[in-house]
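Notes for the one structure printed next.
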Amino acid sequence: MAFPPSAWEATTYAEVIALPRVVVTRPPAEDLLETGFVPYDCHRNCAEQVANDPRYSSRHVIGWLPHGEDLILHSVAEIAGRWLCLTPQFGATPSRFDFIPDPHIEWRDGDDSLYKTAFRHGHELPEALRKNPRRHIRMRDQFLAMVKAGMSALEARDAVAKATECSSEEL
């Protein structure tokens, strides 16, 4: 999340955050795993749902999962009018969450035709859009400084997360 900021990202963030939201339900992880869905691979799971739906009632919808002030590229399925997240998560996650469908995203075949890449208005999409890219860059720099000073990567990660949490509360 520490890639350089750009005017394109700022403009795209502003456009996306203004789009309408839907509420998505996430079935229990054990049910999703039992069905064969792959943890943390939302785009694949939704594409396979559509490809294997004998009733043709599924639609793969790509958009954005609000996470704090950031937007994470995510896919969900709309099945017979219900919005569902088909991606098992191993950590604690809410069973319902807001999602921003983005009608301007298109899938294009990758160079090897095995993978697809998401594009929006001709730009390849990053995994996230950030409201405050400089904060992410500062977090990376703090993390690297802590590791260089001898702290373990896990301790540094937790320290940066805690410092970020505290500074967010002050805002």
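The values are calculated or read from the model by the stated rules, or taken from the named source; none is laboratory data. Here the structure is a predicted model, which is why all the values come from computation and not from measurement. Virtual Cβ from ideal backbone geometry, glycine too; neighbours counted across all protein chains shown. When the accessible area is computed, the model is the full protein with side chains, heavy atoms only, and any ligands, DNA or RNA have been set aside. Shrake-Rupley method; radii C 1.70, N 1.55, O 1.52, S 1.80 Å.
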No solvent, one uniform scatterer per C-alpha: report log10 I(q)/I(0) for segment 32-89 via the Debye equation at q = 0.19, 0.23, 0.26 1/Å, two decimals.
-0.64, -0.89, -1.07
The chain: angle of helix 7-17 to the longest principal axis, Cα-based, in degrees nearest 10
50 degrees
FRET efficiency for Asn132 and Leu33, Cβ-Cβ distance as r, R0 = 35 Å, nearest 0.05?
0.50
To the nearest 20 Debye, how big is the dipole of segment 1-98 about its Cα centre, given +1 on the beta carbon of each Lys and Arg and -1 on that of each Asp and Glu?
260 debye
How far is helix 42-51 tilted off the main Cα axis of the chain, in degrees rounded to 10, range 0 to 90?
0 degrees
Cα-based Rg then Dmax for segment 102-156, in Å, read 17.2, 46
With unit charges on the beta carbons (Lys and Arg positive, Asp and Glu negative) and the dipole taken about the Cα centre of segment 1-154, which residue among Ala80, Gly150, Val24 sits farthest to the positive side?
Gly150
If N is the residue count of segment 1-49, its Cα Rg over 2.2 N^0.38 Å rounds to 1.66
Within-15-Å neighbourhood charge of Leu33 [Cβ basis; K, R +1; D, E -1]:
-3
Can you bin every Cα-Cα distance in segment 70-144 into 5 Å intervals starting at zero and give me the percent of pairs per bin, rounded to whole numbers?
3, 11, 15, 19, 18, 19, 11, 3, 1, 0
What is the diffusion coefficient of the chain in µm²/s, taking the Kirkwood radius over Cα pairs and the Stokes-Einstein relation at 10 °C with a viscosity of 1.306 mPa s?
89 µm²/s
Where does helix 153-170 land angle-wise versus the long Cα axis of the chain, in degrees 0 to 90, nearest 10?
90 degrees
In deg cm²/dmol, rounded to 500, what helix-only [θ] at 222 nm does the chain give when every DSSP H run of at least 4 residues adds -39500 (n - 2.57) and the total is split over its residues?
-11500 deg cm²/dmol
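Placing unit charges on C-beta atoms (Lys and Arg positive, Asp and Glu negative, everything else neutral), compute the dipole magnitude of the chain about its Cα centre in debye, rounded to 20.
300 debye
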Please give the per residue accessible area of the chain, computed with a probe of 1.4 Å over protein heavy atoms only, in Å².
62 Å²
Expected sort for 52-64, 76-88 on mean C-beta neighbours within 10 Å, highest first, is 76-88, 52-64
